[in-house]
Amino acid sequence: LLRFSGEMIHLQTEAEDIRREICSMQQTQVQLACRAAELERDLSAGVEIIRSQEEDKQQLQGETESLREIVMRMDQNYRELYEAANRKLDEHEDEKGEIFRMLQQMHVALEVQEKT
């Protein structure tokens with residue numbers, strides 16, 4: 001009986017150790033499940049951030065292309081205005097030359113008149 005009682009105590013101790021181990025494993029399992037859920041939320045948030053950044057990137061690329069087109073049109077308009085201004089300047093130079101020649105002719109005509 002004593003021997004049986006000793007074995008029972010040994011088995012009870014072993015059972016207690018196993019229960020503690022099982023309890024510890026269950027706690028670890030719960031902690032791991034919580035950590036997995038947290039990582040899944042983080043991953044989902046990260047994926048959303050990446051998606052949002054990709055949308056922003058595409059929008060910026062579109063805006064950049066629009067700005068390039070605007071700059072090209074502005075450059076073309078500037079060239080056209082510059083050419084038109086140069087043509088006008090040339091026309092005014094021609095007009096000034098004609099006026100100057102007319103004044104010279106009038107001056108010569110007045111000198112001729114004064115001599116006669």
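Here are a few things to note about the model shown:
- Unique residue being part of a helix (DSSP H, G or I) and open to solvent by 100 Å² or more (accessible area, probe 1.4 Å) when the list is Met8, Met25: Met25
- Qualifying residue in the stretch 78-87 (condition: open to solvent by less than 100 Å² (accessible area, probe 1.4 Å) and of a type in the set (A, V, I, L, M)): yes
- Filter result for Val47 (open to solvent by less than 100 Å² (accessible area, probe 1.4 Å) and more than 49 Å from the chain's Cα centre (by Cα)): no
The values are calculated or read from the model by the stated rules, or taken from the named source; none is laboratory data. Since we're looking at a predicted model, the values are computed, not measured. Surface areas here come from the heavy atoms of the whole protein model, side chains and all, with no ligands, DNA or RNA. Shrake-Rupley method; radii C 1.70, N 1.55, O 1.52, S 1.80 Å.
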